[in-house]
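**Student:** Below is a structure I'd like to ask you about.
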Amino acid sequence: MTTAIIKPQWSPLTIALIVMGFIIFWPLGLAVLVYIIWGEKFGGSPEQAQAYFNKGRDWCTSNKHHRHGRHGYRHGMHSSGNVAFDDYRSEQLKRLEEKRARLDAEIEAFHEYMANLNKAKNREEFDRFMNERRGSRQGYNEPRPNNGDHNDGNQRNNG
């Protein structure tokens with residue numbers, strides 16, 4: 001027979017362990033806290049812990065069947081007991097799902113449109129950059145307007 005070194009009860013030692021656990025590494029402090037709160041349910045043996053786990057699992061699986069009802073409605077829906085209403089509800093849900101699918105398709109189309117628009121804008125900016133870069137590399141500079149401030153021998157006859 002084995003006994004636990006630290007019993008799952010509130011004592012100065014366990015409180016100090018919780019505080020130190022949270023200071024050092026928070027999951028460690030949480031584990032000690034869980035052990036103190038629920039440790040008595042396990043009884044200190046792996047068999048009792050497994051039995052407690054199995055009991056909880058059985059409870060969860062038994063409640064799952066009650067939530068879905070006879071007709072297997074999705075999203076936790078259950079039968080109202082009135083077949084006409086259940087048919088109406090399933091028809092309305094189907095209509096809403098179709099509308100949701102259309103909205104999702106429109107959202108996807110809009111995102112695609114925006115991506116193409118951004119791609120075209122980026123392409124235009126890149127082309128403008130490359131044209132400016134090619135022009136400066138070939139020694140071609142756009143003519144600057146002559147304000148009459150400098151006389152470099154390139155005077156034009158304006159009339």
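**Student:** Using a cut-off of 13 Å between beta-carbons, work out the net charge of the residues near TYR88 (Lys and Arg +1, Asp and Glu -1, TYR88 not included). Can you show the working numbers first?
**Tutor:** Values: positive: ARG89, LYS94, ARG95; negative: ASP86, ASP87, GLU91.
Charge balance near TYR88 sits at 0.
**Student:** From the phi of every residue in segment 100-115, what ³J(HN,Hα) in whole Hz does the Karplus formula 6.51 cos²θ - 1.76 cosθ + 1.60 yield, where θ is phi - 60° and glycine or proline is x?
**Tutor:** Using θ = phi - 60°, the values come out as 5, 4, 5, 5, 4, 5, 5, 4, 4, 5, 5, 4, 5, 4, 5, 5 Hz.
Readers should treat all values here as calculations from the given coordinates under stated rules, not as data from a laboratory. Predicted, not measured: the structure shown is a model, and the values here were computed from it. With ideal geometry, Cβ positions are generated from the backbone for all residues, glycine too; neighbour counts draw on all protein chains shown.
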